[in-house]
Amino acid sequence: MSYIIAQKEVVTRKEQKCFGCARTFPRNTKMLREAVKDDIIFTAYICKTCQEVMNERSGDEFCEGDLYELAVEYENDLMEKANGT
Ligand SMILES: [Zn+2]
């Protein structure tokens, strides 16, 4: 069972991979930085989309990359709404 010790919104100073969707984001991206305690303590970065997806899933646990499809779907939905279709 892993849990989050601390989280903070940061602007990345270098390229970071999102833990949720496993996509790589360039530096200067706003991401949520989390300190996660599992067997070890590690740092995870979460992109904006995955933060929304996680909110909708109300705290379900997931592994690295598990949110990829949901994240892409979420972004497609947003894009469709923006295009008014
Ligand atoms: Zn993500």
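Kindly evaluate Arg33 against the criterion of being closer than 24 Å to Leu78 by Cα, of a type outside the set (A, V, I, L, M), more than 14 Å from the ligand (Cβ to nearest atom) and touching a Lys or Arg at 6+ places or on another chain (Cβ under 6 Å). Step through it out loud before you land on a result.
Working: closer than 24 Å to Leu78 by Cα: yes; of a type outside the set (A, V, I, L, M): yes; more than 14 Å from the ligand (Cβ to nearest atom): no; touching a Lys or Arg at 6+ places or on another chain (Cβ under 6 Å): yes.
Taking the combined requirement at face value, the residue does not satisfy it.
If we scan region 35-42, do we find a residue that is loosely packed, with under 15 Cβ neighbours inside 10 Å and over 19 Å from Ser2 (Cβ atoms)?
The first filter runs over region 35-42 and keeps only residues loosely packed, with under 15 Cβ neighbours inside 10 Å, leaving 35, 37-42.
Narrowing the set further to residues that are over 19 Å from Ser2 (Cβ atoms) leaves none.
No: zero hits.
Name the one entry in Leu78, Leu70 that is hydrophobic (A, V, I, L, M, F, W, C), within 16 Å of the ligand (Cβ to nearest atom) and more than 13 Å from the chain's Cα centre (by Cα). Outline the logic, then answer.
Values: Leu70 fails: more than 13 Å from the chain's Cα centre (by Cα).
When all the criteria are applied, what remains is Leu78.
Residue under question is Asn76, and the condition is that it be within 22 Å of Val11 (Cβ to Cβ) and surrounded by fewer than 12 Cβ atoms within 10 Å (Cβ to Cβ); does it hold?
Values: within 22 Å of Val11 (Cβ to Cβ): no; surrounded by fewer than 12 Cβ atoms within 10 Å (Cβ to Cβ): yes.
No, not satisfied.
How many residues does region 1-58 contain that are part of a strand (DSSP E or B) and of a type outside the set (S, T, N, Q)?
Looking only at region 1-58, we keep the residues that are part of a strand (DSSP E or B), and these are 3-11, 16-18, 24-25, 30-37, 41-46.
Add one more test, that the residue is of a type outside the set (S, T, N, Q), and what stays is 3-6, 8-11, 17-18, 25, 30-37, 41-42, 44-46.
Residues that pass the stated criteria total 24.
Pairs only if they're at least six apart or on different chains, beta carbon under 9 angstrom, first in region 1-29 and at positive phi and near the ligand (Cβ under 10 Å from one of its atoms), second open to solvent by 90 Å² or more (accessible area, probe 1.4 Å) and of a type in the set (Ser, Thr, Tyr); list them, first residue then second.
Cβ pairs passing all conditions: Ala22/Tyr68.
Any idea which of Phe42, Phe25 is within 15 Å of Glu64 (Cβ to Cβ) and over 13 Å from the mean Cα position of the chain (by Cα)? Before the answer, list the steps.
Details: Phe25 fails: over 13 Å from the mean Cα position of the chain (by Cα).
Just a single option satisfies the conditions, and that option is Phe42.
If I filter region 43-54 down to residues being farther than 13 Å from Gln7 by Cβ and surrounded by fewer than 19 Cβ atoms within 10 Å (Cβ to Cβ), which single residue comes out as nearest to the ligand (Cβ to nearest atom)? Outline the logic, then answer.
As a first pass, look at region 43-54 and keep what is farther than 13 Å from Gln7 by Cβ: 47-49, 52-53.
Next, from what is left, pick out any that are surrounded by fewer than 19 Cβ atoms within 10 Å (Cβ to Cβ): 48, 52.
On the way: Lys48: 8, Glu52: 10 Å.
Taking the candidates together, the pick is Lys48.
The values are calculated or read from the model by the stated rules, or taken from the named source; none is laboratory data. It should be emphasised that the depicted structure is a prediction, and the values quoted were computed from it without experimental measurement. Using ideal geometry, Cβ is built from the backbone for each residue, glycine included, and neighbour counts are taken over all protein chains shown. Heavy atoms of the whole protein, side chains included, go into the accessibility calculation; ligands, DNA and RNA do not. Shrake-Rupley method; radii C 1.70, N 1.55, O 1.52, S 1.80 Å.
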